[in-house]
Structure formats: structure tokens, C-alpha cells
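Novice: I'd like to ask some things about the structure below.
The values are calculated or read from the model by the stated rules, or taken from the named source; none is laboratory data. This one's a predicted model, so the numbers in the text were calculated from it and none came from an experiment. Note that we place each Cβ from the backbone using ideal geometry, even for glycine, and neighbour counts take in every protein chain shown.
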Amino acid sequence: MLKFLKNRDFLVKLLLSYFLVFFIPFVAGLYAYYNGYSISLNNLKSYSKAIMTNLPSKINDVTLRPLELIEESINASPFYLTLISNHNLLASKNDIILDIRNFTQQLMLYYTSPFILEIGIYIPFENIIITPNFFESSKLYYDYIIRPIDTDYLDWLNLLNKSYNRYFMPMSFLIRGQPRSTILFLHSLPYWTFQDKKATLFILLDEEKLNDFIKSNVLYENSNIYVLNSDNTTLTQYVPDKNIDSLLKDTIKNSFTENSLTEMKTKKDKIILYYKSDMYQWKYIIAISSQSFFKPINNMKIYLLLYFIFSLILGLPTIVLLSLKSYRPVDEIKNILVSKFKKQKLSYPYSEGIENIEDKSEMIKLKELASLLVAEEEFLRKQINEFLPTLQNWFLEHLLVGNIPSAISEKEVFEKYQIKFDSDLFMVILVEIYDCQNFELQKDITDYSFVRFIIFNILNEVLTSQNNKVYNVILGEKKLGIILNIVDHNDTVDSIVGRLEYGKNFIQSNFAILLTIGVSTIKKGISAINTCFEEAEKALSLKFISGNVKIYKFSDALSQLKDETLSFITPEMENRILECILNGNKASLEEIFKNIHSKIFVSDNIPIIQAKLLCVNLYILYENACRLINYKSSSELFKIIENEIITKTNTLTLDDLFFKIQDNFISLAEFVKNNQLSFRFTLVEKVKTYIDEMYNDPNLSLSLIAEKFNITPQYLSSLFKEKTGQNLSDYITHLRIEKAKLLLTQTNYSVNEIALKVGYIYPNSFINVFKKKVGLSPTKYRTLYSSQN
């Protein structure tokens, strides 16, 4: 060892090693400590301001604003006229019993607020109190209903006889034999004047619930919050830090500068105070001990000191010993990587003789290690490239339907999804495959993937002729979306539609594929893409009026669909119709159709186009119901719809057409009833089976499953909850977590790989959900239960 120490190069390397390993981290730790202290202090001040900005507005919304509305409503109540016209209210109470009942029922409505314990009105000239359940003298109210603790009757009466303007004060009451801490709200009603005396509205607020509400809105648990009234009397307080509370006993009522930080120094501590008032003259004060807040950071000083001592006493000897040992970790690292590649069944360079690495030189080992790392990088890049189109389609689909935050920037879009827009002008084009049977027969096509490939390629070719960019989205088996990023600002909707018409005709003549297309207007900004999608949907809905195999612009929809509410069956109505069919309830189904006919065809006198569109919607619902119960739909009804609406023969009146559709719906209900079928339960089982097969699809959702089974999302959600006692989304999450548990304990997949295999695109989302449901992170769960197994 002395021989090495005499070597000057060795000593230089030793000192450099010590400097790099111990001294630089120590200096970095000192810098991190002081920088962290400064940042934390700023965060503490920002936190105090944020709490005092949000908390008063939240309390106003849930507590104080409702009181104002109650006060205004009672003050304007016509019941006052009934009271003033009767001089002896208690004696004539039976004569006005209906008026009293109506007024007290109105008072009962205000009890929906969880913070309100009691609402009452004190009438001074006859000394009576009115509550939802009481209309008697104030003495009876004091003796048997609610009484203030530590306040006698005369003091209570004197309190009610004073004049108030939205005054709050703390007071404890005995309510139904139980002591309760409350905040008493008092207000003189200006319209309720009897013999020059105004009635007093009093409302008891639950101070304990208000305190819990404050607690739920506090992020830092040692924040003391005080709420005072206009007289600086404490209404409620949340004081987890008792030390601060004892220090502030005398100073909490002092006047602080509003909306500014105040620092109160003591012998051992410094307290950060922030004060704010609101429109109701409530004062809010937050107090946080800097000693308590900075305790974790102050502990860092001790760790740095211990680290410095350790580096002096043990650092140098440790470095010397490690330097003298001929430890070569290359073999170990290489073996780990080789083992990983073998499990993944990947080929890697220098595989021949890989197990006999002891016989090879260090240079060759390093080359092999570098080759393995390059191979792994290539493998990861390949995985990312394979998954990127799916991720991009998921993003674009959710961007269309409005599930992406509107504030997302182009930079975020590029960084996460490798999508770069060349301008801020967008248009959405929706394409429906109306018919491609001839093409399928000629080419023996088993699915629509090849058809979609042809459509996208040809339409993209014609749409990019003006240097515009297109982004293709698969919305369904036969429904496609195209987001057109318009680079040429002189391009118009009409010119784009002209190019679309050329592409549509080319596809139709060369591939026998018939398309119906809806086109939106041109709008500015990424956030407008969802609006463009809705416009394209409305344009596409014109196919029910004017037929398929056409291109429709949103401007056409504006002129023809002026009143959509008359022409479409609401989701709630669809749910009721499907429920009646699946239950075989013929009578209820007849009643529903009777109401539809009475409301829309008779009362509203809708235009012919709207009436026909309504009939088409009912026919689509009929087809979906047939598929639900495996019932062959009526070909005769289809011919009638085709003749009356598409070819417009007009041989039937609209009433006759409506009743034809109604008869077919009733036939479905009779079929279910006569065969004693239970399709509602069968449908839920089919949905569960479908989820069991598709749980690893990141796009799996309520709306996607509803579309798969041709029912509305609302009906599927309520039916699934009724039959299983569980929300559908909870069922999907539970299944994914159970599958993840098996993969964690029975395979060597990484957490990121398992997240993808159970349907989570983002590993962080999977980790958060897993931890919430299981109580452990995936890594801890694997460590615990793999060792037990």
C-alpha cells in the first residue's frame, strides 16, 4: 500500500476522487439547502395567499350566498300579508293553517344545505316564532324546541328584538337535547314590519361542519385558520398547531393589513400571517409556523454535517481500499443485459461464446456491452415506433370529441405525440362507408382495414394538393375522420369540397366503394377542432333527409336543420323505449309512442322534413333493438322507409308511417314477452365478456361499448349498475388491476410494459390507480407478494 502512496499520480487521482465523490456533493448539498429554503419560503407565502384567495370564495358559495338568497326569498314572501291582516296570530292560527303550511313547506326547502341546522322568523309584536315545524310563542320555542346555552329567556328575547343587517355571531344551542356549536345569523326583514317593529330572521349554521369544510380545503395540515366576524369575534377556527394558537391569543384580534403577509417573530419561532376579508365582513386569518414548516429542510443541515464528518473520517480510507481492489463490474452488467435479452428472445451481436466472457480481454467485453446497449436502444425505438400510430390515433380521436384539454399547446402535442401542425386553421371531414359490398366480393375482404386504407390514401392525395396537411382518425369500423390543417389561407370550403367530390367519385368508379361525407367550416386554433367535429356531425346527419352518397357542408345543415329538438329522440326517451322492449312491457311502450305522437305530430305541427327525420331516427332505434334481442328486422318496414323518405313516393301520410313504425316496436315487446326472455341480464353478460376480452384496449370506455352494442351510454350505465351493483368504469378498473396483479407476481415484465398490457397508455396513470385501489405501488406489491409466493 505504501508503494502506491509514494506514487504521485496515484495521490493526485486519490485527491481528485475524494474531491469528486465527497466534497462536490457536500457543496452541492449546501447550495441545495439554501436554495430549497428560499424556494420553500416563497412557496409558503404563495400557499398562504392561495388559501386566502380560494377559501373565502368557497365558503361564500356553499354557506353565505345561500343565506342571502334565503333572506331575499323570505323577505319577499307574500305570507307577510297574511300575518299583518290577522291581529291575533295564535288565536286565528287555524284560520290561516293552509297559508302557514305553504310557508313552512317553503322553509323546508332551504334545509337541503348541509350547513343549516335551523331557520326561524321572530315576529316581535305578538312574540311568536315561525319555523318549518313550529308556529307558537317564543317562550314555548325556548323551553321545548331550541334554547341557547348559558343564555336565559329574557336575554334571548332581547337579542331577537334588536335590529340587524346580516350579522353573524358564535353561540352554542341545545338542539333536541344535544349541545351544538353554531354560528347564529341575524337579519331584520325590512318588508316584515309590524307596528314599527321589523321581524328578525335567524339561521343556525353548523359550526362543526364548517370547520370540517375548512379542514378539507387545507393542503398543509399545520395551517391554523381563524374566521372572525365584523366585531373580531371568532366564529370558527381550525387550529392543528396549538403552539401558534397560544401565541396568537392576544394578537389574533389585532387589525392586520388586508391582502398582505405579516411576520410575527417570537423567541424561538417566526409566524407567517395573512389576512383577508369578504363581502359579508367575515375576516379570514391563516397562521403558519415557519419552524414547523421548515422542519424537514432544517433536518438537512444535520445530515450535511454528518456527511462532512463521514467524508473526513471514512472517505479517504474507503477510496484507497476501493482503488486497490481489482473490481471489474463489466462482467456483471453484461450478464444482466444478456439475461434480459434472452428473456425477450432478441438477437444481439457477439453472441458466440458469450458465456465464456472470462477468457476475453477487457476491450472485447466493453465492445460486447456497447453492442448490447445499442441493440436494446434499437429494440426500444422499434417498440415506440410500433405504438406511436395507435397513440396518435387515440389523441386525435379524443381531440375530435373534446376529451383533450383546450389549453394544450402545439409544443405539448409535438413532444407527446410527434404531431406538428403547420398552421392554426383547421377543418374536420367525416367519412361514412355507405356500401362496399361489390369490392368485398371481388377482393375477398374480411374486414374494413383495406377499405379504410384505400379511402385515406386517395382522399389524402386530393386534400394535400394545396400543401395542406391531413391527419387520419379511425372513429369506427365504417366511420373515418380527417383533420385538415390548412396551410394555404386562400383555400375555401367550396374548393376543398370540390377536391373531395373528385376523390369520392374516383373511389366510387374504381373501387365500387360508396361514401357519405360531412364537412365543417374552417376555424382557427386547436381548441376549435372539437367544434369543427360537431359541425361535421350535423352536416353528415343531412343524409337522413337528402340521402346517402353525397357530400354535405355545415352551411347546408344550418339551413335545413333549424330546430333539431323536434326531429331527434332524446337519449332518455331511447332508454325508456329499450327498457320496455327488453322487459316485454307492451302497455308502457304504447303509452310512450302515444306521447311522442301527441307532443310532436299533433301539438307542435313540425315541418314534413323534420317529421321524416324523426321517423328515420325511430327506424334506426328499431334496428338496434332487433340486434339486441336477435330478432330479424322487418324488410317490409325498410322498404316503406326507403320508398317514403329516400325515393319520396309519398304514398303514406306521416301519421300512417309513424304508426307502422310503432307497430313494429310493439312486435318486439310481444316477442320478448311471449318467449319469456330476459335480454337485460343477457346483455350485461355479453358486455362483461366483451370487457374481459378487450380490457387491454386503452380506448375501452362506456361510449365505445355502448356503440358496440347499439345502445345509448346512459342506458348501458344504468343497466350495468342495476344488474351488477357496480359502475361500468369501476368494473373495468377492477379487472385491469386484477390482471396487473397476476402479471406482477407471475412474470418479469416491467411496470411500464404491464401498464400497456392492461390498457394504460401512461404508466403514471396506471401507478396512481393501482396504488389507490390496492394501497401499494406496483413495485412494492411485486416485492411483497412475489417473495411470499
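Novice: Here are some conditions: (1) modelled with pLDDT under 80; (2) within 12 Å of Gly481 (Cα to Cα); (3) not β-branched (Val, Ile, Thr). Leu396 meets all but one. Which one does it not meet?
Specialist: So the condition that Leu396 fails would be (1).
Novice: So Lys723 ticks every box in (1) of a type in the set (D, E, K, R); (2) at pLDDT 90 or above; (3) within 19 Å of Asp692 (Cβ to Cβ) but one. Which box is left unticked?
Specialist: (2)
Novice: Enumerate the pairs (first residue in the range 689-700 and more than 19 Å from Thr724 (Cα to Cα); second residue anywhere and of a type in the set (Ser, Thr, Tyr)) with beta-carbon separation below 6 Å, excluding pairs fewer than 6 apart on the same chain, so at least 6 apart or on different chains.
Specialist: The qualifying pairs do not exist here.
Novice: Can you name every residue in the range 711-727 that is among the polar types (S, T, N, Q), more than 13 Å from Asn575 (Cβ to Cβ) and assigned to a loop (DSSP other than H, G, I, E, B)?
Specialist: Passing the criteria: Gln726, Asn727.
Novice: If only one of Asn664, Asn595, Asn630, Asn624 is assigned to a loop (DSSP other than H, G, I, E, B), at pLDDT 70 or above and assigned by TED's automatic domain parsing to the domain that holds Ile581, which one is it? Explain how you work it out, then say what you get.
Specialist: Details: Asn664 fails: assigned to a loop (DSSP other than H, G, I, E, B); Asn595 fails: assigned to a loop (DSSP other than H, G, I, E, B); Asn624 fails: assigned to a loop (DSSP other than H, G, I, E, B).
Just one listed residue meets the conditions, Asn630.
Novice: For the range 535-549, name all the residues that are at pLDDT 75 or above and either in contact with a Lys or Arg (Cβ under 7 Å, 6 or more places away or on another chain) or in a helix (DSSP H, G or I) (or both). Working first, answer last.
Specialist: Here is the first cut: in the range 535-549, the ones at pLDDT 75 or above are 535-543, 548-549.
Answer for the range 535-549, where residues must be at pLDDT 75 or above and either in contact with a Lys or Arg (Cβ under 7 Å, 6 or more places away or on another chain) or in a helix (DSSP H, G or I) (or both): Glu535, Ala536, Glu537, Lys538, Ala539, Leu540, Lys543.
Novice: Restricted to the range 215-235, and to residues that are buried (at least 21 other Cβ atoms within 10 Å of the Cβ) and among the β-branched types (Val, Ile, Thr), which residue is farthest from Trp156 (Cα to Cα)?
Specialist: The extreme case among them is Ile225.
Novice: Here is a follow-up. Please go through the range 513-547 and pick out each residue that is surrounded by fewer than 16 Cβ atoms within 10 Å (Cβ to Cβ) and farther than 23 Å from Asn485 by Cα.
Specialist: Once the filter is applied, which keeps residues that are surrounded by fewer than 16 Cβ atoms within 10 Å (Cβ to Cβ) and farther than 23 Å from Asn485 by Cα, the range 513-547 yields Ser546, Gly547.
Novice: Say we look at the range 114-140 and pick out the residues that are touching a Lys or Arg at 6+ places or on another chain (Cβ under 9 Å) and farther than 22 Å from Ser163 by Cβ; which of these is surrounded by the fewest Cβ atoms within 10 Å (Cβ to Cβ)?
Specialist: Pro114
Novice: Does Val672 satisfy the condition of being touching a Leu at 6+ places or on another chain (Cβ under 9 Å) and farther than 25 Å from His398 by Cβ? Step through it out loud before you land on a result.
Specialist: Working: touching a Leu at 6+ places or on another chain (Cβ under 9 Å): yes; farther than 25 Å from His398 by Cβ: yes.
Yes.
Let's see how each residue does on (1) loosely packed, with under 15 Cβ neighbours inside 10 Å; (2) touching a His at 6+ places or on another chain (Cβ under 8 Å); (3) part of a helix (DSSP H, G or I):
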| position | (1), (2), (3) |
| --- | --- |
| Ser729 | yes, no, yes |
| Arg736 | no, no, yes |
| Ala740 | no, no, yes |
| Thr745 | no, no, yes |
| Asn748 | yes, no, no |
| Glu753 | yes, no, yes |
| Phe766 | no, no, yes |
| Phe770 | no, no, yes |
| Thr779 | yes, no, yes |
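Novice: Let me ask something additional. Only one of (1) touching a Ser or Thr at 6+ places or on another chain (Cβ under 7 Å); (2) in contact (Cβ under 8 Å) with a residue 40 or more places away in the chain is not met by Ile526, so which one is it?
Specialist: In the conditions (1) touching a Ser or Thr at 6+ places or on another chain (Cβ under 7 Å); (2) in contact (Cβ under 8 Å) with a residue 40 or more places away in the chain, Ile526 misses (1) alone.
Novice: Looking only at the range 507-529, how many residues end up being under 13 Å from Leu430 (Cβ atoms) and in a helix (DSSP H, G or I)? Step through it out loud before you land on a result.
Specialist: Kept after step one, since they are under 13 Å from Leu430 (Cβ atoms), are these residues of the range 507-529: 515-520, 529.
Those still in the list that are in a helix (DSSP H, G or I) too: 529.
Going through the range 507-529 one residue at a time, the tally reaches 1.
Novice: Name, by its number, the condition in (1) farther than 23 Å from Ser588 by Cβ; (2) at pLDDT below 75; (3) in a loop (DSSP other than H, G, I, E, B) that does not hold for Gln676.
Specialist: That leaves (1) as the condition not met.
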